[in-house]
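Peer 1: A single structure is presented below for examination.
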Amino acid sequence: MRATINNPILPGFNPDPSICRVGDDYYIATSTFEWYPGVQIHHSTDLVNWRLVSRPLNRPDLLDMRGNPDSCGVWAPCLTYSEGVFYLVYTDVKRHSGDAKDAHNYITRCTTIDGDWQAPVYINSSGFDPSLFHDDDGRRWFLNMLWDYRPDKPSFGGIVLQELDRDNLSPVGPVHTIFAGSDLGMVEGPHLYKRNGYYYLLTAEGGTEYDHACTLARSRQLTGPYELHPKQHLITARFDPQCPLQRAGHGDLVETPEGETYLVHLCSRPLANRGRSPLGRETAIQKLTWGDDDWLWPDADCLSPQIQVPGPETRNHTSTPAREADIDYRFTARQLPVDFQWLRTPFPETLFSLSERPGYLRLYGRESLGSLFNSSLVARRQQSQRFTASTTLDFQPRHFQQMAGLVCYYNSRKYHYLFISHDETLGRCLDVMSCLADANGHGHYPLNGHRIPLPAQGPVRLRAEVDFEHLYFSWASQGENWQRLPLKLDYSVLSDEAGTGAGNNFTGAFVGMAAQDLSGTGTPADFSGFEYREGAGLGGFP
């Protein structure tokens, strides 16, 4: 008996999946870019339902991204397991615009998936998308794509391979260029496997937009030459513009205990009316079958990704609980709820506290939403095209430079912000600031200076309702009915595809809480809870 897997299996911003199996347990690591802590690791026992269990890059020695530009930080981690140890390979990208890339590659290890990972070992900075291959002779090999800054050469310079010392993981021996890619170009995201005497190389090609694809090649020798799959690709939506899962590519393979093979890969679900993807790049899964020719073939005999996929043969083990779509968060524990992250810094105590006012998340007003260093913003992923998020805020600003509120955020140049501040005439007031994918990060104020006066004291409830490409903000005094603002905001701006330089945007939309104090006095803002609900009609969609 088989369950049905519904794609995407990791909805919302969860790109560049790397999967490994340990016994009956499956783990997927995905990119987090500028969001802290780094790397999301989800766990499943059935490939159907997944639960977030770890963000391992959670200390300054493992990751410090202060100053990293938008969509830099942690790119394409690789998670493997060998001889009782988990290995996590990751890149910290410090610059990705222009000709050169400052991409530093590291490895960290841990005996448990949710333990304290070791201090990282630096490997190289020659390119990004690193991975680790454990050969059956006990040797370990490091792969990454090679970045070439020269104007007369392809930027994606091929896949390179180098041996690592088995114990200390330091690079040893020569660097081999093993694969130049297919005619699709932009080869990256390498993963190596071995089966029946062949080395198989799975790569991502075509760029992580609408020409994206998973390309398979094989060789009898580790260092090549590698021959391409007869169909070249295992998965792509580039020939199927009507496919609900677009931008399919950058994948990894896993084998079940019964010998079935699955491919996890990134994808996106663009809005039908705008062709933009606020949910970002998500993770989906496809079933593959080994042929008599020792090539993998899509199980559905179709290169396009499938929305529904047959799950593996069921076994006598406990299934992973399904993801919760409606959650009321309360800030009563010593740590943030696992769904929340913040930006860049490994020192969260400078941004927020869960103990200074028990039962509240206290954000200290820091730099602007456009800051690349100390932005006091705590948020969770959007995971549905339609959702409602709300929070209750206790905040007493004394100056117009002090702000706090509810934010729908993509990056420092794409956000919608419903905030409480202070006006010399009105006193405490409500306003909206939007940054509409402007390359210079200019703010827009859709209330046109007509700020809404608020009671001088007391908590205020704030709400965001997202209906595909539309966003509606509402507010209410404690115990009063919601009052919707007379605005219909363009939510599609919070997407990879929107704005100047959109091809270099790689994350996804978040919704959460923020506080700024541009005077530098760190005025606190206290949030007593946060609600997130998915689906239509939850907040009174028109």
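The values are calculated or read from the model by the stated rules, or taken from the named source; none is laboratory data. The model shown is predicted, which means the values in this text are computed figures rather than measured ones. Here the Cβ is made from the backbone with ideal geometry for all residues, glycine too, and neighbour counts use every protein chain on show.
Peer 1: With the structure loaded, tell me whether THR523 is surrounded by fewer than 24 Cβ atoms within 10 Å (Cβ to Cβ), more than 20 Å from SER390 (Cβ to Cβ), touching a Phe, Trp or Tyr at 6+ places or on another chain (Cβ under 9 Å) and modelled with pLDDT of 95 or more or whether it fails that test.
Peer 2: Yes: the conditions hold for THR523.
Peer 1: Can you find a residue in the range 353-362 that is of a type in the set (S, T, N, Q) and free of Cβ contacts under 8 Å to residues at least 24 places away in the same chain?
Peer 2: yes
Peer 1: Here's another thing I want to ask about it. Which one of these is over 17 Å from PRO15 (Cβ atoms), surrounded by 24 or more Cβ atoms within 10 Å (Cβ to Cβ) and not basic (Lys, Arg): LEU222, LEU228, LEU266, LEU216?
Peer 2: LEU216
Peer 1: I'd like to check something: does the range 334-350 contain any residue that is within 16 Å of ASN411 (Cβ to Cβ), outside the structural domain of PRO69 (by TED's automatic domain parsing) and of a type in the set (Lys, Arg)?
Peer 2: yes
Peer 1: Looking at the range 29-52 only, could you name the residues that are within 12 Å of the chain's Cα centre (by Cα) and closer than 21 Å to GLU83 by Cβ?
Peer 2: ALA29, ILE41 - these are the residues of the range 29-52 that are within 12 Å of the chain's Cα centre (by Cα) and closer than 21 Å to GLU83 by Cβ.
Peer 1: Mind checking whether some residue in the range 179-187 is in contact with a Cys (Cβ under 8 Å, 6 or more places away or on another chain), in contact (Cβ under 8 Å) with a residue 40 or more places away in the chain and of a type in the set (A, V, I, L, M, F, W, C)?
Peer 2: Within the range 179-187, none of the residues are in contact with a Cys (Cβ under 8 Å, 6 or more places away or on another chain), in contact (Cβ under 8 Å) with a residue 40 or more places away in the chain and of a type in the set (A, V, I, L, M, F, W, C).
Peer 1: Specify the residue that is farthest from the chain's Cα centre (by Cα); the eligible residues are those in the range 352-396 that are hydroxyl-bearing (Ser, Thr, Tyr) and within 16 Å of PHE331 (Cα to Cα).
Peer 2: Filtering the range 352-396 for residues that are hydroxyl-bearing (Ser, Thr, Tyr) and within 16 Å of PHE331 (Cα to Cα), the one farthest from the chain's Cα centre (by Cα) comes out as SER355.
Peer 1: Looking only at strands (runs of 3 or more DSSP E) that fall completely inside the range 281-394, which ones have 2 or more residues that are of a type in the set (Val, Ile, Thr) and crowded, with 17+ Cβ neighbours inside 10 Å?
Peer 2: Counting at least 2 such residues, we get 282-290, 386-394.
Peer 1: Among the listed residues SER71, SER18, identify the single one that is under 21 Å from SER371 (Cβ atoms), out of contact with any Lys or Arg (no Cβ under 6 Å at 6 or more places or on another chain), buried (at least 17 other Cβ atoms within 10 Å of the Cβ) and of a type in the set (Gly, Ala, Ser).
Peer 2: SER71
Peer 1: Next up: Those residues that are among the hydroxyl-bearing types (Ser, Thr, Tyr), out of contact with any Cys (no Cβ under 8 Å at 6 or more places or on another chain) and within 26 Å of ASP438 (Cβ to Cβ), I need them from the range 475-495; list them, please.
Peer 2: Once the filter is applied, which keeps residues that are among the hydroxyl-bearing types (Ser, Thr, Tyr), out of contact with any Cys (no Cβ under 8 Å at 6 or more places or on another chain) and within 26 Å of ASP438 (Cβ to Cβ), the range 475-495 yields SER492, SER495.
Peer 1: One residue is enough: does the range 49-56 have a residue meeting the conditions modelled with pLDDT of 95 or more, farther than 30 Å from SER155 by Cβ, in a loop (DSSP other than H, G, I, E, B) and of a type in the set (Phe, Trp, Tyr)?
Peer 2: Among the residues of the range 49-56, at least one is modelled with pLDDT of 95 or more, farther than 30 Å from SER155 by Cβ, in a loop (DSSP other than H, G, I, E, B) and of a type in the set (Phe, Trp, Tyr), which makes the answer yes.
Peer 1: I'd like the full set of residues that are closer than 19 Å to SER82 by Cβ and among the basic types (Lys, Arg), limited to the range 116-174.
Peer 2: Result: ARG139, ARG140, ARG166.
Peer 1: Please determine whether any residue of the range 122-142 is within 13 Å of LEU169 (Cβ to Cβ), assigned to a loop (DSSP other than H, G, I, E, B) and either in contact with a Phe, Trp or Tyr (Cβ under 7 Å, 6 or more places away or on another chain) or not small (Gly, Ala, Ser) (or both).
Peer 2: Checked against the condition, which is being within 13 Å of LEU169 (Cβ to Cβ), assigned to a loop (DSSP other than H, G, I, E, B) and either in contact with a Phe, Trp or Tyr (Cβ under 7 Å, 6 or more places away or on another chain) or not small (Gly, Ala, Ser) (or both), the range 122-142 yields at least one hit.
Peer 1: Continuing with the same structure: Can you confirm whether ASP46 is surrounded by 20 or more Cβ atoms within 10 Å (Cβ to Cβ), part of a loop (DSSP other than H, G, I, E, B) and at negative phi?
Peer 2: In short, no.
Peer 1: Next question, about the same structure. Just give me the residues in the range 478-520 being out of contact with any helix residue (DSSP H, G or I) (no Cβ under 7 Å at 6 or more places or on another chain) and among the charged types (D, E, K, R), in sequence order.
Peer 2: GLU480, ARG484, LYS488, ASP490, GLU497, ASP517
Peer 1: Counting only residues that are within 18 Å of the chain's Cα centre (by Cα) and in contact (Cβ under 8 Å) with a residue 40 or more places away in the chain, how many does the range 231-268 have?
Peer 2: Counting residues in the range 231-268 that are within 18 Å of the chain's Cα centre (by Cα) and in contact (Cβ under 8 Å) with a residue 40 or more places away in the chain gives 11.
Peer 1: If I ask for residues that are in contact (Cβ under 8 Å) with a residue 40 or more places away in the chain and closer than 20 Å to MET186 by Cβ, which ones from the range 94-123 would you list?
Peer 2: Of everything in the range 94-123, those that are in contact (Cβ under 8 Å) with a residue 40 or more places away in the chain and closer than 20 Å to MET186 by Cβ turn out to be HIS96, SER97, ASP99, ALA100, LYS101, ALA103.
Here is a yes/no grid of residues against (1) more than 24 Å from the chain's Cα centre (by Cα); (2) aliphatic (A, V, I, L, M):
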site	(1), (2)
ILE178	yes, yes
ARG195	yes, no
TYR200	yes, no
THR215	no, no
LEU222	yes, yes
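Peer 1: Here's another thing I want to ask about it. Quickly run through the range 461-512 and pick out the residues that are touching a His at 6+ places or on another chain (Cβ under 7 Å) and assigned to a loop (DSSP other than H, G, I, E, B).
Peer 2: LYS488
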